Amino acid sequence: MFDNQLDTLTGTVERVTYYNADNGYSVIKVTPDKKLPGSTTARDGTVAVVGTMPALGEGEAVEFTGRWVDDPKYGRQMRVETVTPIQPNSLEGVKRYLASGIVAGIGPKTAERIVDHFGQGVLDILNREPRRLDEVPGLKKNLAKRLADAWADNYAIRQTMVFLQGYGVSSKMAARIYAEFGNETVNKVSENPYTLVEDVYGIGFIKA
């Protein structure tokens, strides 16, 4: 059974149960920021969110819009239309996200070392100057480079998804557009949105 009305859910990613890197389809467990009706949440207080999304990490704050569905096998879950990552608003949130597995070899201790070194400015460093991770004492250079690359790629994907969703594009379609144009998506769509008609399956002239 579907609820026709779009709803908004803001919360923290607790577990990534499934993620398909090829198409972005994900099944995740989210702890809501506010209490939801009892039938919506599992015993551990989480809700299931499914659909096409950018790669999300445990501990990450996210805003979802979607429709609630009563799945006969898995119970109540939100099937998403848009996904907007929210930067962690605390140093603990940043630590947890960095240790969530976005780069193999970076666990809680290494994440804590990174956050402690840069303090409140850690998000600015990661977003704007990720190469400065080389400055962290004791962080192996190969780990610093891999994290810098992963953070930069992830940041570009998220900014692109947010840009497209701002024009009413669903997460699923945004993922399809990004797969076609990559990090040039924002430039290409801004300069000539009608290129979508020629290059992306499922987008017609009216939508473009």
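The values are calculated or read from the model by the stated rules, or taken from the named source; none is laboratory data. Keep in mind that what you see is a predicted model, and the values were worked out from it rather than measured. Don't worry about glycine lacking a Cβ; one is built from the backbone with ideal geometry, like all the others, and counts go over all protein chains shown.
Taken over region 88-138, the criterion of being surrounded by fewer than 16 Cβ atoms within 10 Å (Cβ to Cβ) and among the polar types (S, T, N, Q) is satisfied by ASN89, SER90, GLN120, ASN127.
Can you list the helices (runs of 4 or more DSSP H) lying wholly within region 89-188 that have 3 or more residues being in contact (Cβ under 8 Å) with a residue 60 or more places away in the chain?
Numbers: elements: 91-98, 108-118, 122-128, 141-165, 171-181.
Because the criterion is at least 3 residues that are in contact (Cβ under 8 Å) with a residue 60 or more places away in the chain, the helices (runs of 4 or more DSSP H) in region 89-188 that meet it are 141-165, 171-181.
From GLY66, GLY107, grab the single residue that is more than 12 Å from the chain's Cα centre (by Cα), at pLDDT 80 or above, under 19 Å from ARG146 (Cβ atoms) and among the small types (Gly, Ala, Ser). Exactly one residue qualifies, and that residue is GLY107. Just a yes or no: is a residue in region 9-21 in contact (Cβ under 8 Å) with a residue 40 or more places away in the chain, among the hydroxyl-bearing types (Ser, Thr, Tyr) and in contact with a Gly (Cβ under 9 Å, 6 or more places away or on another chain)? Checked region 9-21: at least one residue is in contact (Cβ under 8 Å) with a residue 40 or more places away in the chain, among the hydroxyl-bearing types (Ser, Thr, Tyr) and in contact with a Gly (Cβ under 9 Å, 6 or more places away or on another chain). Does region 69-84 contain any residue that is more than 18 Å from the chain's Cα centre (by Cα) and in contact (Cβ under 8 Å) with a residue 60 or more places away in the chain? For region 69-84, residues more than 18 Å from the chain's Cα centre (by Cα) and in contact (Cβ under 8 Å) with a residue 60 or more places away in the chain: present.
Name the single residue, out of those in region 5-52 being among the charged types (D, E, K, R) and part of a loop (DSSP other than H, G, I, E, B), that is farthest from SER100 (Cα to Cα). Explain how you work it out, then say what you get.
First, the residues of region 5-52 that are among the charged types (D, E, K, R): 7, 14-15, 22, 29, 33-35, 43-44.
The next check asks that each one be part of a loop (DSSP other than H, G, I, E, B); those that pass are 22, 33-35, 43-44.
Values: ASP22: 20, ASP33: 20, LYS34: 23, LYS35: 25, ARG43: 23, ASP44: 20 Å.
The selected residue is LYS35.
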